[in-house]
Every structure is written in C-alpha cells, then in structure tokens.
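The values are calculated or read from the model by the stated rules, or taken from the named source; none is laboratory data. Owing to the predicted nature of the structure, the values given are computational and were not obtained by experimental measurement. Areas reflect the complete protein model, heavy atoms only, side chains present, ligands, DNA and RNA absent. Shrake-Rupley method; radii C 1.70, N 1.55, O 1.52, S 1.80 Å.
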Amino acid sequence: MKNVNHTIGDVFREVGAAATHIGRYFMRTLSRMSWPALLASCFMLAFMLTILPLALTLFAIFLLAKIAMALVAGYQDNKRRGDYTPHKDV
C-alpha cells in the first residue's frame, strides 16, 4: 500500500527531482536541435514572454475602460430620464 502522508522534505525532494528531470530533458532537446529550429524556438519563446502578456494586459485594460464607460453612460441616462434619485439623509 502506498503511503500518502509525506513530509514537507519528501515533497521538496520530489519537486526537485522532477525539476532536474525536466531540465535534463530540455537540455537534451536543445542539443539535438538544428540552428534554424533553435532560432525559431527562441523567437516563439520571446513572443510568449513579451507580446502575449502585453496583449492580454491591454485587453484587460480596454475591457475595464469599456465597463466603466458603460456604467457612467447608464448613470447619465438614468439621471436624464429622472429614474435616478440621490440618497437623502432623514
């Protein structure tokens, strides 16, 4: 029967062994790649690390700006129609 109660040291050793295995696999793959394939993979990695997060951040900023403008426009529309009544202290 497998023991599921691991100590924190066992978990760190397992994570370290997995990271070492991934690193060795990555280095073997890089050493076998041709120069054009290595160049293409470097461009793809640069794209993923720079342009993609920038595009996602700009998307989130413009989405939040659109929501804010819709809220302001809805508030102005309700105010113009007379549906909006400000809170009055009693």
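Using a 1.4 angstrom probe on the protein heavy atoms only, could you order L38, L56 from most to least accessible area?
Working: L38 45, L56 110 Å².
Output order, biggest surface exposure first: L56, L38.
How much accessible surface area, in Å² rounded to 10, belongs to the heavy atoms of I8 with a 1.4 Å probe?
120 Å²
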